[in-house]
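To start, the structure under review is shown below, and the notes come after it.
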Amino acid sequence: MRKYGAWVFLVAALSLFAWKCKVSQQAQIVQRDGSGKIVVNPHPNPAYLSVKESMESIQLPPGYKLQLVASEPMIKEPVAIAWDGNARMYVAEMRTYMQDINGTGENEPVCRISLLEDTNGDGAMDKSSVFIDNLVLPRMMLCIGHKLLVNETFTYDIYSYEDTNGDGVADRKEPVYKNPRADTRNLEHQKSGLVWNMDNWIYVSCDPVRYRYTKGKLVADTLTNSPGGQWGLANDDYGRMYFSSAGAEIPALGFQINPAYGLYNPKDQYDQEFLAVWPIIVTPDVQGGMNRLRPDTTLNHFTAGCGQSVFRGDALPADLKGDLIICEPVGRLIRRAKVSTSEGKVTLRNAYEKEEFMASYDMNFRPVNSTTGPDGCLYIVDMHRGIIQEATWTKEGSFLRPRILQKGLEKNIGRGRIYRLVHDGYKPGPKPRLLDKPASALLTYLDHPNGWWRENAQKEIIVSGDQSVVPALRQMAVSKTNSHLARIHALWTLEGLAAIDKPTLFAAMDDNDPQVRKAAVWISESLLKQNDEQVLDKLAELKSDTSSLVQVQLALTIGQSKMEGARYVEGRLKAYSQYPGVLDGVSNSLEVAKNTKLFGGRLANMPAAHRNLILNGANIYKQLCSTCHGPDGKGLSVGDAAAAAPPFVGSKRVDGDKVAMILIMMNGLSGPVDGKNYPDVMAPFGATNNDEWVASVLSYIRYNYGKSKTPVVDVESVKQVRAKTSARNTFWTIAELENIK
């Protein structure tokens, strides 16, 4: 055994020596050992590399290459990009994000959205303007026609901006959605997305809401539960949504069913192996602490999954299309996940064996977003900086702070890069001019091989409101000369124009492609909710459909009907189904959503002040706390992984001393809880939220997950505890709380 150990040590020493010899001058060159495995750099240099050196430091599969689209000084601190219909790129720049280790000046209105253009067609942006200036951390963008819809951090308001004189600067600003309430959550816990999905709803993460764009305004539709997720929101060619939750260390969730139906995250949608990540440098600056590091100090698990997208383009190899791309900026890497269906469930697996799609030796490589471009390529947004965690997690006493200071990462600010991924033998597609064309000319793009074109053509036709294209759309929806994707887009475009008719819909339900049948079932809900017996009868004919896609959607759609006959169809569907396990899970999700809607009725006999506290707390919990503690209060987890945070159900603190709960909410909690270790600390929320906010959240938690007959935490108690502990600025531990009198 000793000889074996000595041999391993010798090999490791020689490998390290080889590393130092080969890359002492250029630490960016990717190295592999004799077996082909990438060599991990044990001593990464935090100093900035040039753009060329940084790009060379990124490991890519054979045949793939990165091209620079834009970098500093043209852009700084980029976090998201969006294209209008003419392929002009808007870049959201959070220029105040963590400009020092304390986040000083982060909320100042000096951020911007830049407008970039490639005027010579080489893929690199050569023209830029400041489209909108003086913003507070812009976080969501959506192009609709010539307008850009924008939301800023700490607000729920959404405005449209337009350049009416062609100088590249927005000169018209109009509200499209107003909500005067301030969003007081930590900026990492606020919404993202604003994604126009196949079903013509616009989705966001975190918040239990989706929007419909109608007559220049966004009309909100309240969801029963928060869909979860944090930074990033993806959709595929068929309208399936993919969320991720960095706080809960869950890279992908919410993709089994649409969030409008509820939450369904089966434990076997991916396994423990999928959660492991494979950086190529050591990872000193990980928020989760030592338990998130391997013996070689590389990150061992997703801790910052974000910026995900499904690749939908046509300018890269076909085997990439439909794969889920997940950014992991703490690990300086990007995951490529293969998406498949097993036993009726959508499942994910890493496309590579103990390796990543992209990984970098550059400590400042911080991929935070990805998307398919109008040219059919994959685009990566690299915030390119030292610190990638918000100030809540870098304060005095945190695990991160000394490691950031030791490396000098807090000094690396004010840069940013956008890359385009290309492949040997493939050429990017032509530049679109969708905004210059009438609805009739956009119809052909509904059959385009690049999902970007199809999605934007559908959106622009609907926004135009042009009813003259309805006959052509009905023909397209049932014509087998068009691709199945064209037929699906035609159906949903008809739905968006309020022109869907039963003959077209019923013909689509008989289509030979299951995705078309699924879309037709999904669209039929609007008629089913009007108690249309003919539609119900047609849906009943699909009860023995062999496709799990159709069966799951049928269960979801039938579940929205209050007709007595719908219950009979539900029963027959389960009796005929080849996928009873999935249908049971779907039925349970619908039942939970139904019961949640009844939540308010249980509060009828409470004093109004107490009832309002609990209801307000329920909204906060759904948007914020459920991402780690789970919508059921049992702790969110996937597969065999431990829960991301302690459960509230069965917790002695939930029914115990209210003061302990207040202290945890005020200053946070670290260390083991009831003998168990969790991936991260409980963040403090007292400094950024008032007494009523704290009382509301705790009242809801005690009411919904505890058994106390007096669950409400009054505002005055919170005020008193805050006053007595105002000098404290460190996390509590369970041992301390148990000794407090």
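Looking at Gln551, Gln578, Gln560, which one is under 27 Å from the mean Cα position of the chain (by Cα), surrounded by 14 or more Cβ atoms within 10 Å (Cβ to Cβ) and in a loop (DSSP other than H, G, I, E, B)?
Sole residue among the options that is under 27 Å from the mean Cα position of the chain (by Cα), surrounded by 14 or more Cβ atoms within 10 Å (Cβ to Cβ) and in a loop (DSSP other than H, G, I, E, B): Gln560.
Quick check, is Ile113 closer than 28 Å to Arg172 by Cβ, in a strand (DSSP E or B) and of a type in the set (Val, Ile, Thr)?
yes
Can you name the residue in region 342-354 that is outside any strand (DSSP E or B) and at pLDDT 95 or above and, of all such residues, is surrounded by the fewest Cβ atoms within 10 Å (Cβ to Cβ)?
If we take residues in region 342-354 being outside any strand (DSSP E or B) and at pLDDT 95 or above, then Tyr352 is surrounded by the fewest Cβ atoms within 10 Å (Cβ to Cβ).
Quick check on region 195-208: of everything there that is among the hydrophobic types (A, V, I, L, M, F, W, C) and modelled with pLDDT of 95 or more, which residue is nearest to Val176 (Cα to Cα)?
Among them, the one singled out is Ile202.
Okay, residues lined up against (1) in contact (Cβ under 8 Å) with a residue 40 or more places away in the chain; (2) more than 27 Å from Leu421 (Cα to Cα); (3) in contact with a His (Cβ under 8 Å, 6 or more places away or on another chain):
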residue	(1), (2), (3)
Pro73	no, no, no
Ile81	yes, no, no
Asn102	yes, yes, no
Thr119	no, no, no
Asp122	no, no, no
Leu148	yes, no, no
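Among the residues of region 372-385, is any surrounded by 20 or more Cβ atoms within 10 Å (Cβ to Cβ), among the polar types (S, T, N, Q) and under 24 Å from the mean Cα position of the chain (by Cα)?
Taking every residue of region 372-385 in turn, at least one turns out to be surrounded by 20 or more Cβ atoms within 10 Å (Cβ to Cβ), among the polar types (S, T, N, Q) and under 24 Å from the mean Cα position of the chain (by Cα).
Taking region 606-653 as the region of interest, how many residues are more than 21 Å from the chain's Cα centre (by Cα), of a type in the set (S, T, N, Q) and not in a helix (DSSP H, G or I)?
1
Could you count how many residues in region 698-718 are surrounded by 24 or more Cβ atoms within 10 Å (Cβ to Cβ) and either touching a Phe, Trp or Tyr at 6+ places or on another chain (Cβ under 8 Å) or not assigned by TED's automatic domain parsing to the domain that holds Gln623 (or both)?
So the count comes out to 2.
Examine region 669-688 for a residue that is farther than 30 Å from Gly289 by Cα, among the charged types (D, E, K, R) and touching a residue at least 40 places away in the same chain (Cβ under 8 Å), and state whether such a residue exists.
No: region 669-688 contains no residue that is farther than 30 Å from Gly289 by Cα, among the charged types (D, E, K, R) and touching a residue at least 40 places away in the same chain (Cβ under 8 Å).
Go through region 93-125 and count every residue that is closer than 19 Å to Trp452 by Cβ and out of contact with any Asp or Glu (no Cβ under 9 Å at 6 or more places or on another chain).
1
Taking the conditions exactly as written (assigned to a loop (DSSP other than H, G, I, E, B) and charged (D, E, K, R)), does Lys543 satisfy them or not?
Yes; evaluated as a whole, the condition is true for this residue.
Can you name the residue in region 209-236 that is farther than 21 Å from Tyr270 by Cα and in a loop (DSSP other than H, G, I, E, B) and is also modelled with the lowest pLDDT among such residues?
Ranking the qualifying residues of region 209-236, first place goes to Asn225.
From the list Glu108, Glu174, pick out the single residue that is assigned to a strand (DSSP E or B), more than 22 Å from Gly373 (Cα to Cα) and in the same structural domain as Ile413 (by TED's automatic domain parsing).
Result: Glu174 is the single residue among Glu108, Glu174 that is assigned to a strand (DSSP E or B), more than 22 Å from Gly373 (Cα to Cα) and in the same structural domain as Ile413 (by TED's automatic domain parsing).
When you look at Val339, is it under 30 Å from Pro580 (Cα atoms), at pLDDT 95 or above, touching a Gly at 6+ places or on another chain (Cβ under 8 Å) and outside the structural domain of Asn450 (by TED's automatic domain parsing), yes or no?
Yes.
Yes/no matrix, rows are residues, columns are (1) among the hydrophobic types (A, V, I, L, M, F, W, C); (2) not in a helix (DSSP H, G or I):
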position: Ser468; (1), (2): no, no
position: Arg474; (1), (2): no, no
position: Ala507; (1), (2): yes, no
position: Val516; (1), (2): yes, no
position: Val521; (1), (2): yes, no
position: Asn531; (1), (2): no, yes
position: Gly565; (1), (2): no, no
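Tally the residues that are surrounded by fewer than 20 Cβ atoms within 10 Å (Cβ to Cβ) and more than 27 Å from the chain's Cα centre (by Cα), restricting the search to region 667-684.
Residues that pass the stated criteria total 6.
If only one of Arg366, Arg385, Arg349 is charged (D, E, K, R) and free of Cβ contacts under 8 Å to residues at least 60 places away in the same chain, which one is it?
Arg366
Can you list the strands (runs of 3 or more DSSP E) lying wholly within region 48-101 that have 2 or more residues being of a type outside the set (A, V, I, L, M, F, W, C)?
64-71, 89-93
Cβ-Cβ below 8 Å, separation at least six or inter-chain, first residue in region 561-578 and closer than 17 Å to Glu533 by Cα, second part of a helix (DSSP H, G or I) and of a type in the set (Asp, Glu): which pairs?
Taking only residues 6 or more apart or on different chains, the pairs are Met563/Glu533; Gly565/Glu533.
Looking at region 685-710 only, could you name the residues that are under 29 Å from the mean Cα position of the chain (by Cα) and polar (S, T, N, Q)?
Listed by number, the residues that qualify are Thr688, Asn689, Asn690, Ser696, Ser699, Asn704.
Within the group Glu56, Glu93, Glu72, which residue is of a type in the set (Asp, Glu) and within 24 Å of the chain's Cα centre (by Cα)?
Within the list Glu56, Glu93, Glu72, the selection yields Glu93.
Residue under question is Gly633, and the condition is that it be without any contact (Cβ under 8 Å) to a residue 40 or more places away in the chain and at positive phi; does it hold?
In short, no.
Please work out if Tyr445 is among the aromatic types (Phe, Trp, Tyr), modelled with pLDDT of 95 or more, on the phi < 0 side of the Ramachandran plot and assigned to a helix (DSSP H, G or I).
Spelling it out, Tyr445 is indeed among the aromatic types (Phe, Trp, Tyr), modelled with pLDDT of 95 or more, on the phi < 0 side of the Ramachandran plot and assigned to a helix (DSSP H, G or I).
How about region 654-663: which of its residues are buried (at least 20 other Cβ atoms within 10 Å of the Cβ) and either among the hydroxyl-bearing types (Ser, Thr, Tyr) or part of a loop (DSSP other than H, G, I, E, B) (or both)?
Matches in region 654-663: Val654 only.
Could you please find all residues in region 444-495 being without any contact (Cβ under 8 Å) to a residue 40 or more places away in the chain and aliphatic (A, V, I, L, M)?
Answer for region 444-495, where residues must be without any contact (Cβ under 8 Å) to a residue 40 or more places away in the chain and aliphatic (A, V, I, L, M): Ala457, Ile461, Val469, Val470, Ala472, Leu473, Met476, Ala477, Val478, Leu491, Leu494.
Can you name the residue in region 388-414 that is among the acidic types (Asp, Glu) and outside any helix (DSSP H, G or I) and is also nearest to Arg332 (Cα to Cα) among such residues?
Applying the filter and picking the extreme gives Glu390.
Somewhere in region 265-273, is a residue within 30 Å of Lys395 (Cα to Cα) and assigned by TED's automatic domain parsing to the domain that holds Val39?
No: zero hits.
Provide a single number: the residues in region 410-437 that are over 17 Å from Ala70 (Cα atoms) and touching a helix residue (DSSP H, G or I) at 6+ places or on another chain (Cβ under 8 Å).
Total satisfying the criteria: 4.
The values are calculated or read from the model by the stated rules, or taken from the named source; none is laboratory data. Because the structure is predicted, anything quoted here is derived from the model rather than measured. Counting neighbours? That spans all protein chains shown, and the Cβs are built from the backbone with ideal geometry, glycine included.
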